[in-house]
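Here is the structure we will look at, set down as structure tokens.
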Amino acid sequence: MKVGIIGLGQMGSGMAASLLKAEQSVTVYNRSPAKAEPLARRGATVAASIADACKGDAVFTMLANDDAVAETVFSKGGLIDSLASGAVHISSSTISVALAGQLTDAHAHKGQLFVSAPVFGRPDVAASGQLAVVAAGTDAALDRARPFLEAIGQKLFIVSRTPRDANLIKLSGNFLIASVIESLGEALALIAKAGLDRRQYVEILTSTMFDAPVYKTYGALIAEARFEPAGFGAPLGQKDIRLALAAAEELGVAMPVANLLHDRFLRLIATGGASLDWSAIGAIAALDAGIRPGDGRRS
């Protein structure tokens with residue numbers, strides 16, 4: 001089967017590599033062609049345009065935000081113009097619930113299929129084909145997309161026939177991850193201010209009550225102040241919390257912790273942290289406590 005993938009950031013490149021490992025016929029497209037070169041050496045075809053990436057059974061988009069996805073889909077020569085009737089667009093980008101609804105309607109109008117399939121996992125997980133995939137779409141769309149979704153993920157969760165539901169789950173999940181990051185940062189600042197060892201504290205937590213990847217991964221990053229290179233940039237974290245709040249407003253759900261997180265991200269970015277990993281919001285509590293991130297010394 002033939003599949004295209006548009007967007008070769010860290011996540012998209014990892015997904016494309018997993019599709020190649022699964023012996024799919026893969027065509028890749030990125031605005032910066034240099035990012036396609038490592039995949040071309042592994043057997044991918046490099047598309048010269050978005051339209052060229054849309055000639056197969058399916059095409060993934062893995063892009064940074066709503067604007068990038070909307071431009072790729074709706075612009076002249078984009079997915080709506082180029083995808084064949086019956087082919088499926090698989091959107092793995094973390095986008096708004098509202099845009100997912102617009103994409104569903106637009107593809108249906110053209111006789112195309114659409115699946116929302118956002119993923120959980122950092123770039124190393126994407127490269128190893130171990131993502132958790134949350135998918136929603138019609139039965140026909142999911143049947144067409146399933147071989148590709150199984151190639152990129154260790155676990156596939158089919159949650160609904162309505163694509164936007166998968167995006168709501170993804171946004172709520174990222175809200176929970178950011179909440180863990182903030183909580184870890186505050187707890188680590190508390191024990192570090194008393195002169196206790198942060199690494200040992202993380203080891204205690206993650207080998208007992210909090211034996212989960214999210215605590216192990218982000219606990220280590222915060223304890224060691226390892227925020228570069230960014231696996232998931234702070235502006236993307238801010239965007240996801242903003243989209244979660246927009247969905248909450250539409251549904252009439254108060255999310256006071258999400259509002260706090262939104263402010264934390266704004267502070268981080270405004271004070272020079274735009275290039276850092278989103279886990280860097282976990283360092284703010286240490287700074288507020290008058291100690292340096294990553295150690296127990298006073299700043």
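All of the numbers you see were taken from the coordinates with simple rules; none came from a lab. This structure is a prediction, so every number in the text was calculated from the model and none was measured. All Cβ positions, even for glycine, are placed from backbone atoms using ideal geometry, and neighbour counts span all protein chains on display.
Take the Cα pairs of region 105-155, get the Kirkwood Rh, then feed it into Stokes-Einstein at 10 °C and 1.306 mPa s and tell me D in µm²/s.
Rounded, D is 137 µm²/s.
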Problem set entry | the chain: radius of gyration over Cα atoms, expressed as a fraction of 2.2 N^0.38 Å | 1.05
Exercise. With a 10 Å Cβ neighbour count serving as the proxy for reagent exposure, in which order, fewest first, do E186, E71 appear?
Worked result: E71, E186
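Report the FRET efficiency, 1/(1 + (r/R0)^6), for E23 and D143, where r is their Cβ-Cβ distance and R0 is 22 Å, rounded to 0.05. Show your work: numbers first, answer last.
On the way: r = 20 Å, r/R0 = 0.89.
Taking R0 as 22 Å, the efficiency between E23 and D143 is 0.65.
Relative contact order for region 1-141 using alpha-carbon pairs under 8 Å, separation at least 6, rounded to a whole percent?
Numbers: 271 pairs, mean separation 33.2, N = 141.
Answer for region 1-141 is 24 percent.
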For this session: Evaluate the relative contact order of the chain (contact order divided by residue number), counting alpha-carbon pairs under 8 angstrom at least 6 apart; express in whole percent.
Result: 15
For this session: For V159 and I204, calculate 0.36 nm times their separation in residues minus their Cα-Cα distance, and state this gained length in nm to one decimal.
Result: 12.7 nm
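In which sequence would H109, H262, H89 go, from the one with the fewest C-beta neighbours within 10 Å to the one with the most?
Numbers: H109 9, H262 19, H89 30.
Fewest to most other Cβ atoms nearby, the residues stand as H109, H262, H89.
Counting other Cβ atoms within 10 Å, which trypsin sites (Lys or Arg not before Pro) in region 1-109 have at most 14 and lie in a DSSP loop?
Values: sites: K2, K21, R31, K35, R41, R42, K55, K76; in loops: R31, R42, K55, K76.
Listed in order of number, the matching sites are R31, R42, K76.
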Problem set entry | Residue-by-residue Karplus 3J(HN,Hα) for region 64-76, coefficients 6.51, -1.76, 1.60, Hz, glycine and proline x | 6, 7, 4, 4, 5, 5, 4, 5, 5, 7, 9, 6, 4
Problem set entry | Hits among lysines - C-alpha to C-alpha of K239 under 18 Å, sequence gap 8 or more where chains match | K170
Seminar exercise, completed: Sorted largest first, the Cα spans of region 39-91 on the principal axes come out in Å as 30, 26, 18
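Can you give the local net charge around A247? Use residues other than it whose beta-carbon is closer than 14 angstrom to its beta-carbon, Lys and Arg +1, Asp and Glu -1. Mind dumping the intermediate values first?
Working: positive: R164, K170, K239, R242; negative: D66, D165, D240, E249, E250.
Taking every other residue near A247 into account, the sum is -1.
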Exercise. For region 168-288, what is the relative contact order in percent, using Cα pairs closer than 8 Å and at least 6 residues apart in sequence?
Worked result: 39
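Taking the Kirkwood radius as the inverse of the mean 1/r across Cα pairs, report the Rg/Rh of region 168-288.
Numbers: Rg = 14.2 Å, Rh = 14.6 Å.
For region 168-288, the value is 0.98.
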Exercise. Amide H neighbours of F60 under 5 Å, counting only residues 5+ apart in sequence or on other chains, H built in-plane at 1.01 Å?
Worked result: G4, I5, I6, I90
For this session: Return, for the Cα atoms of region 2-161, the radius of gyration and Dmax in Å, separated by a comma.
Result: 13.8, 38
